[in-house]
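Below: the structure, in structure tokens.
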Amino acid sequence: MSGPDISVVICVYTEDRWEDILAAVSSVRAQSRPALETLLVVDHNPALLDRLTGEYKEAGDVRVLANAGPRGLSAGRNTGIAASRGEVIAFLDDDAVAERDWLRRFAEGYADPRVMAVGGRTMPIWASGRRPAWFPEEFDWVVGCTYKGLPPGR
């Protein structure tokens, strides 16, 4: 497989998102272009660290780590970066799932030597199954998603 080796970092913090975490990891493991590794960084939650360590103890492609810095996403990502072996690091939220070709498309972006970073489209999945009528697509940035009006393409 050509292109850079990609490590995926998923920062996690609560057992309340257990099913979401499993779905996020599963979506990375089902990629059309496999990740070099998936790093689950647990943010100062020993019970979750133990539970995830047990869940993935037999998985050679998933490593579970404790956040080595202060509490929070930034330190968790830095822990994942420091532990990663890939040339490129992709971050996935613990309540997100990646489309099957996510890593393939990321890798394609690095074919151009001028590219230093690649991002992607993030679509909301509403708990009710549909967008609230009062919430316009232009405000999707508020929930960390791609919004109407964001320039398309590369």
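The values are calculated or read from the model by the stated rules, or taken from the named source; none is laboratory data. Only a predicted model underlies this, so the values are computations on that prediction, with no experimental measurement involved. In this analysis, Cβ positions are derived from the backbone assuming ideal geometry, glycine residues included, and neighbour counts consider all displayed protein chains. Ligands, DNA and RNA are stripped out before the accessible areas are found, and what is left, the full protein with its side chains, is counted by its heavy atoms. Shrake-Rupley method; radii C 1.70, N 1.55, O 1.52, S 1.80 Å.
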Legend entry - Gained length - residue 115 relative to residue 130, 0.36 nm times residue gap less alpha-carbon distance: 1.8 nm
Inset, instruction - Within 10 Å, count the other beta carbons around each residue, average over each peptide in 126-135, 18-27, and list them highest first. - result: 18-27, 126-135
Inset, instruction - Would you calculate, for the chain, the mean residue ellipticity at 222 nm contributed by helices, counting each DSSP H stretch of 4 or more residues as -39,500 (n - 2.57) and dividing by all residues, to the nearest 500? - result: -8000 deg cm²/dmol
Inset, instruction - Kindly give Rg over Rh for segment 72-154, based on alpha-carbon atoms, with the Kirkwood expression for the hydrodynamic radius. - result: 1.00
Inset, instruction - Read through the labelled values (i) 189; (ii) 168; (iii) 129 and report the label of the one computed as volume of the Cα convex hull per residue in Å³ from the structure. - result: (iii)
Inset, instruction - Arrange the peptides 31-43, 81-93 so that the one whose residues have, on average, the most other Cβ atoms within 10 Å appears first. - result: 31-43, 81-93
Inset, instruction - Would you mind computing, in nm to one decimal, how far apart the modelled labels at residue 68 and residue 105 are, each placed 7 Å from Cα along Cα→Cβ? - result: 3.3
Legend entry - Residue-normalised accessible area of the chain, given per residue in Å² at a 1.4 Å probe: 63
Legend entry - At R0 = 22 Å, FRET efficiency that the Cβ-Cβ distance of residue 95 and residue 138 yields, to 0.05: 0.50
